[in-house]
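The values are calculated or read from the model by the stated rules, or taken from the named source; none is laboratory data. All figures in this text were calculated on a predicted structure; none of them were measured in a lab. Backbone-built Cβ (ideal geometry, glycine too); neighbour counts: all protein chains shown. Quick note on the areas: whole protein, heavy atoms, side chains included, nothing else; ligands and nucleic acids left out. Shrake-Rupley method; radii C 1.70, N 1.55, O 1.52, S 1.80 Å.
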Amino acid sequence: MTISGSWQRTARGAGLLSLDGSIRPTIFAEMSALASSTGAINLGQGFPDEDGPAEVLEAARRAISDGLNQYPPAIGMPVLREAIAAHQKRFYALDVDADREVLVTAGATEALAATLLALVDDGDEVVTLEPFYDAYGAVIALARGVHVMVPLRLPDFLPDHDDLRAAVTDRTRVILINNPNNPTGTVLPKETLELVVELAHAHDAIIVTDEVYEHLTFGEPHLPIATLPGGRERTVTISSGGKTFNTTGWKIGWLTAPHDIVTAILAVKQFLTFVNGAPFQPAIAVGLGLSDEFFDSIAHTLQAKRDLLSSGLTKAGFAVTMPQAGYFVVADAAPLGYPDAATLCRQLPELAGVVGIPISAFCTAQLGAEYSSLVRFAYCKKTDVLQRATAQLEQLGR
Ligand code: PMP
Ligand code: GLN
């Protein structure tokens, strides 16, 4: 039997559908499988190899013991929604109504999917930066939207403002930004965020902002686009506990937005997962209320890991673009004599016992060709793992 359907659009949107109609796994799944089959150090898929704060883990265990094991409310447990609202107030001076303007989701991924499925009609344009997180292309395709891209340009992976102006038109329904950015580690300058707000107003578009790396910035504190004048009333802000509390497998995410938009998204979300993660919701609430010292320390610890991996990669002969935030560093393998990162990444376990992800996996063909020698390496790993990885990568230049 041949099964056709919207999965094909989704897969095509994510670049997963081959010409013969077969489907490949996501690049993250493929590279993690390669790491486990070869025993190579996995600097591909972005997940930490250490547990997060003990209080958060303990709160989840307690919640299970206390019997919080049934369906929570569709919009999320009050304790978590209140913690999210308090977090927005504490870090960004944003007043968010915990009962009307917050929605708890199955990770940032479901927040993105439900948002785009709710807001995008057939043929509506969705503008993203490129390279983009793989789910964006897939979900835009599933929503039958048209994906319009603005390249992040070297040397700093910043968007050109004229490109952004040209991309946003009256056909644009959503401007979807990811700040701080995966895979480039870019933090968008305030002027760029202001331009996004200006363009959204001029063309009556909604801003969707994926801020899952909000607490992992290495310079200025994170600036949510919803804090800018005119931003909040047309912005859906998405985040997740996964990156902040080293709990990527818990899949507790959320969004904050004006009430009418939350209602539209809830209408979709309640038939995707309905709800998820009952005992994890109060645990993430505990995490959001941890001390300033905790939030400072996670960024500092990660910055030291960024520096360690970046200098190791430089020593190994890669040309590195220094990330300003997040889990990943982009390294150019061309100086080492490897112009094709997609091929290199598949050989890297054998050559150096390490796994990375080619940046072309986050791009369409045109930019992918331009960025063909770039590799994304994750530094959200133990220090000794990063030390071993860099020592092994130094063999490449020999
Ligand atoms: N957005 C970005 C930019 C990501 O890097 C990730 C992966 N962590 C997600 C969304 C998905 O987040 P979650 O695991 O909470 O669904
Ligand atoms: N966000 C993770 C990354 O960028 C991967 C999540 C996934 O495997 N879908 O590596």
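Numerical summary
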| item | result |
| --- | --- |
| Hits in the range 347-398 - residues which are among the hydroxyl-bearing types (Ser, Thr, Tyr), assigned to a loop (DSSP other than H, G, I, E, B) and under 18 Å from GLY15 (Cα atoms) | THR364, TYR371, SER372 |
| Residue match in the range 345-360 (condition: among the acidic types (Asp, Glu) and free of Cβ contacts under 8 Å to residues at least 40 places away in the same chain) | no |
| Count of residues meeting criterion [assigned to a helix (DSSP H, G or I) and under 21 Å from the mean Cα position of the chain (by Cα)] in the range 1-16 | 4 |
| Pair list, Cβ < 8 Å and 6+ apart or interchain, from the range 22-35 residues that are within 15 Å of ALA342 (Cα to Cα) to residues that are of a type in the set (Asp, Glu) and within 14 Å of ligand 1 (Cβ to nearest atom) | THR26/ASP134; ILE27/ASP134; PHE28/ASP134 |
| Residue that is nearest to ligand 1 (Cβ to nearest atom), among those in the range 32-55 that are out of contact with any Pro (no Cβ under 8 Å at 6 or more places or on another chain) and in a helix (DSSP H, G or I) | SER32 |
| In the range 319-368, the residues that are more than 30 Å from SER297 (Cβ to Cβ), surrounded by fewer than 24 Cβ atoms within 10 Å (Cβ to Cβ) and of a type in the set (Ser, Thr, Tyr) | TYR338, THR343, THR364 |
| Unique match (being under 30 Å from ALA378 (Cβ atoms), of a type in the set (A, V, I, L, M), touching a Leu at 6+ places or on another chain (Cβ under 9 Å) and open to solvent by 10 Å² or more (accessible area, probe 1.4 Å)) among LEU272, LEU216, LEU255, LEU193 | LEU272 |
| Where ASP20 falls short, out of the listed (1) open to solvent by 70 Å² or more (accessible area, probe 1.4 Å); (2) within 16 Å of ligand 2 (Cβ to nearest atom); (3) modelled with pLDDT under 90; (4) not basic (Lys, Arg) | (2) |
| Long-range neighbours under 7 Å by Cβ, at least six apart or interchain, first residue without any contact (Cβ under 8 Å) to a residue 40 or more places away in the chain within the range 222-236, second assigned to a loop (DSSP other than H, G, I, E, B) and open to solvent by 20 Å² or more (accessible area, probe 1.4 Å) | GLU233/PRO258 |
| Enumeration of residues in the range 96-119 that are within 16 Å of ligand 2 (Cβ to nearest atom), polar (S, T, N, Q) and either modelled with pLDDT under 95 or open to solvent by less than 10 Å² (accessible area, probe 1.4 Å) (or both) | THR105 |
| Odd one out for PHE280 among (1) out of contact with any strand residue (DSSP E or B) (no Cβ under 6 Å at 6 or more places or on another chain); (2) among the aromatic types (Phe, Trp, Tyr); (3) open to solvent by 10 Å² or more (accessible area, probe 1.4 Å) | (1) |
| Candidate set: the range 29-68, residues that are among the charged types (D, E, K, R) and open to solvent by less than 70 Å² (accessible area, probe 1.4 Å); chosen: the one modelled with the highest pLDDT | ASP49 |
| Output for the range 206-220, where each listed residue is under 20 Å from GLY231 (Cα atoms), touching a residue at least 60 places away in the same chain (Cβ under 8 Å) and more than 14 Å from the chain's Cα centre (by Cα) | ILE206 |
| Enumeration of residues in the range 133-165 that are touching a strand residue (DSSP E or B) at 6+ places or on another chain (Cβ under 7 Å), within 16 Å of ligand 1 (Cβ to nearest atom) and not in a strand (DSSP E or B) | TYR133, TYR136, GLY137, ILE140, PHE157 |
